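Here's the structure, in structure tokens; my notes come after.
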Amino acid sequence: MKQKSRKQRMIDHELANIKKTMRKQCAICGLPANDLSHILPRSLYPEYAVDPRNLQILCRDCHTKFDNDREFRREQIDIVAQAKEIDELATNRYFGL
């Protein structure tokens with residue numbers, strides 16, 4: 001197994017601390033959940049990787065749909081509004097608005 005860099009371990013630690021403060025309920029469907037999801041993906045927007053405004057708890061099904069289905073993503077009006085508060089231009093690009 002490849003070891004994580006010191007920087008990645010620090011990011012993971014910070015994300016774990018943020019996750020502890022969040023309600024364990026899917027922000028989309030309302031079911032119990034525990035997946036930490038980046039609204040604006042950290043692969044495209046690393047500057048928001050540990051920004052609490054860019055994080056939501058999602059169930060596995062909604063997380064998969066959110067990541068892979070742009071139309072589903074666009075339908076999540078509250079999450080789109082949350083993303084626009086972070087970076088409107090990035091939101092428009094990522095959500096295809």
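Okay, here's what the table says:
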item: Under 24 Å from Lys4, Cα to Cα: lysines that are on another chain or at least 8 residues apart; result: Lys19, Lys20
item: Radius 11 Å from Cβ of Thr91, net charge of other residues (Lys, Arg +1; Asp, Glu -1); result: +1
item: Hull volume in cubic angstrom per residue (convex hull over the Cα atoms of the stretch 4-52); result: 80
item: Computed lengthening from Ser43 to Cys29, 0.36 nm per intervening residue step minus Cα-Cα distance; result: 2.6 nm
item: Local electrostatic count at Ala49 - Lys and Arg +1, Asp and Glu -1, tallied over other residues with Cβ under 9 Å; result: -2
item: Principal axes of the chain: Cα extent on each, largest first, Å; result: 37, 31, 25
item: Cα→Cβ-extended label distance, 7 Å offset, between Lys19 and Phe72, nm; result: 2.0
item: Using alpha-carbon coordinates, inclination of helix 77-86 to the longest axis of the chain, degrees; result: 60
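Values quoted throughout were computed directly from the atomic coordinates according to the rules given, and no laboratory measurement underlies them. Since this is a predicted model, take the numbers as computed values, not measurements. Cβ sites come from the backbone with ideal geometry, for glycine too, and all protein chains shown count toward neighbours.
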